[in-house]
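Here's the structure, in structure tokens; my notes come after.
The values are calculated or read from the model by the stated rules, or taken from the named source; none is laboratory data. Here the structure is a predicted model, which is why all the values come from computation and not from measurement. Glycine also receives a Cβ, built like all others from the backbone with ideal geometry; neighbour counts cover every protein chain displayed.
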Amino acid sequence: MEKLWNGRFAKDTSKETDLFNASIGFEQRLYPYDILGSYYHVQMLANQNIIDDSDAAAIQDGLKKVYHLIKSDSYTFKLSLEDIHMNIEAYLIDTLGETGKRLHTGRSRNDQVALDMRLYAKDVVIDQIKKLTALIETLNAIAKVHTKTIMPGFTHLQQAQPITLAHHLLAYVEKFKRDTSRLFDIYARLDEMPLGSGALASTSYPINRDFVKDALVFDRLTANSIDAVSDRDYLVEIMAAYALMAVHMSSLAEEIIIWNSQLFNFIELDDAYSTGSSIMPQKKNPDIAELVRGKSGRIIGHLSGMLVTLKGLPLAYNKDLQEDKESFFDTTDQIGNMLSMLERLLATASFNVETMYQATLKGFTEATDLADYLVKKGLPFRDCHHIIGAIVKEASDRGTTLSEMTLDAYKTHSSLFEADLYDVIDLLAIVSSRRHTGGPAPEVTAAQVGTNETWLSAQKTAAASLSSPLALLEAALK
Ligand code: ARG
């Protein structure tokens, strides 16, 4: 089949040009969105008497057929037809002749691809909101059963103060909640319908942009045709939100890797989500967590690649914009896998509660509370800090813990020590005494878990109310 645009060309493009220029190899996944956009574009053309109703009906029927052919892997895409738009249009021309040639009236590939990418982005965001809330749900459920599970809180990766596993995991819940709200914000901002922008200067046909906007369930129309065909900032926003989400996931993955080390032994990963070593039989490796950490680098790289591609482009459409696809698709695929695998890894893991407790004791994490104990007895904090430092050194030299030291040993450091000091340095008492909003006290974290459960069900309702283009397509073509 000859090219759809070669009227002014005296000869064919070279093989290398076709190979270099074509995007069909990596954008086939856009086919449902391209078909959906064309379906309502052609309906609008007929409504406006720009083409005949019978032509529109035949084209819509052809779109249904090609949709099912592609879906069932029975359609062969042609590299010479360059992209998804022309591959689909060529099918209509092949099967409908003259009629098929009427589809592209009042439209350019520039506004067509802008529409396809926005539609695709909507489904991607909806899908990732679901995956992200599933991860949050799992973290929250683990927190719910571990509000009294003591573990060391760290600063500089040194045991610092006692916290609970619930408190630690709920920190990630907050990060992922913000990530979720960013995705909702982005969806709302990208919810603009670009078709009707033409190549860049709109069109003189009496089109009805509002009809297409309503049929495709967009909130608004893009307000400037030049902006609409040249802007990819909604992709940048998604990739930036994903990069930050990947950073959060990478931190959590890093902790899982550390906790899984035999030297820590805080977590037990399920065999189904671990791997072995080809040479060292004793090993059980946290490859899944390492890949979550590793892939985050690639996602951050894709974001900067996209920004550099856009930087310095003159208005309006330039073919550079075709470079948005591979990195955006790879980012969304990888983020989806990372979210799902991290959720599975956590949901199937178990925690070594006693090891975490012992690590909290061995790290002398009660020291701050012991200093506060002397402050309450009237000593200035700096003096207390000094005294407790000496006690920690003695305990460390003797290879014992603060709760194992005798009252006599304490009294050699200060006569203010009494037997009640042991109540003060009880680990559960320490975390329970921190009951401000955001603190580790079991009643505070339990309440936070409840707040998160309410939040989760609100997000599910909100996500279900977002319009999914794929669902629209299935409804239109059934
Ligand atoms: N494959 C192209 C892209 O992804 C579609 C738009 C082509 N437009 C054009 N004027 N060559 O950007």
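Contact map, segment 306-331: first residue among the charged types (D, E, K, R), second residue within 14 Å of the ligand (Cβ to nearest atom) and outside any loop (DSSP other than H, G, I, E, B), Cβ cut-off under 6 Å, separation 6 or more or different chains; pairs are ASP320/THR309; GLU323/THR309; ASP324/LEU235; LYS325/PHE26; LYS325/GLU27; GLU326/PHE26. Taking each residue of segment 210-230 that is in the same structural domain as ALA316 (by TED's automatic domain parsing) and looking for partners that are assigned to a helix (DSSP H, G or I) and of a type in the set (Gly, Ala, Ser) with beta-carbon atoms closer than 6 Å, six or more apart or interchain, yields THR222/ALA228; ALA228/ALA114; VAL229/ALA114. Number of residues in segment 73-84 that are surrounded by 14 or more Cβ atoms within 10 Å (Cβ to Cβ) and either without any contact (Cβ under 8 Å) to a residue 40 or more places away in the chain or β-branched (Val, Ile, Thr) (or both) equals 2.
Among the residues here, SER304 qualifies as closer than 30 Å to VAL113 by Cα and away from the ligand (no atom under 16 Å from the Cβ). When each of SER23, SER38 is tested for being modelled with pLDDT of 95 or more and within 13 Å of the ligand (Cβ to nearest atom), the lone residue that passes is SER23.
Are any of the residues in segment 129-149 of a type outside the set (S, T, N, Q), outside any loop (DSSP other than H, G, I, E, B) and either within 16 Å of the ligand (Cβ to nearest atom) or over 30 Å from TYR242 (Cα atoms) (or both)? No, segment 129-149 contains no residue that is of a type outside the set (S, T, N, Q), outside any loop (DSSP other than H, G, I, E, B) and either within 16 Å of the ligand (Cβ to nearest atom) or over 30 Å from TYR242 (Cα atoms) (or both). Criterion applied to ASN6, ASN49 was being modelled with pLDDT of 95 or more and either more than 33 Å from the chain's Cα centre (by Cα) or within 19 Å of GLU326 (Cα to Cα) (or both), and the one residue passing it is ASN49.
Is at least one residue of segment 64-80 of a type in the set (Phe, Trp, Tyr), more than 20 Å from LEU477 (Cα to Cα) and outside the structural domain of ASP231 (by TED's automatic domain parsing)? Looking for residues that are of a type in the set (Phe, Trp, Tyr), more than 20 Å from LEU477 (Cα to Cα) and outside the structural domain of ASP231 (by TED's automatic domain parsing), one finds at least one in segment 64-80, hence yes. Restricted to segment 151-165, and to residues there that are assigned to a strand (DSSP E or B) and not hydrophobic (A, V, I, L, M, F, W, C), the residue that is nearest to ALA371 (Cα to Cα) is GLN161. Once segment 81-103 is narrowed to residues that are of a type outside the set (D, E, K, R) and within 14 Å of the ligand (Cβ to nearest atom), the residue that is farthest from LEU45 (Cα to Cα) is LEU81.
Listed by first and then second residue, the pairs with beta-carbon distance under 9 Å, at least 6 apart or on different chains, first residue in segment 85-102 and closer than 15 Å to TYR39 by Cβ and without any contact (Cβ under 8 Å) to a residue 40 or more places away in the chain, second assigned to a helix (DSSP H, G or I) and within 16 Å of the ligand (Cβ to nearest atom), are LEU92/SER38.
Taking the conditions exactly as written (farther than 30 Å from LEU183 by Cβ and either outside any helix (DSSP H, G or I) or within 30 Å of the chain's Cα centre (by Cα) (or both)), does PHE328 satisfy them or not? No; evaluated as a whole, the condition is false for this residue. In the set THR155, THR164, THR203, only one residue is more than 24 Å from the chain's Cα centre (by Cα) and under 30 Å from LEU115 (Cα atoms); that residue is THR203. Residues in segment 154-173: is at least one of a type outside the set (Val, Ile, Thr), crowded, with 18+ Cβ neighbours inside 10 Å and more than 30 Å from GLY363 (Cβ to Cβ)? Looking through segment 154-173, none of the residues is of a type outside the set (Val, Ile, Thr), crowded, with 18+ Cβ neighbours inside 10 Å and more than 30 Å from GLY363 (Cβ to Cβ). Taking segment 350-361 as the region of interest, how many residues are hydrophobic (A, V, I, L, M, F, W, C) and buried (at least 20 other Cβ atoms within 10 Å of the Cβ)? Matching residues across segment 350-361 total 2.
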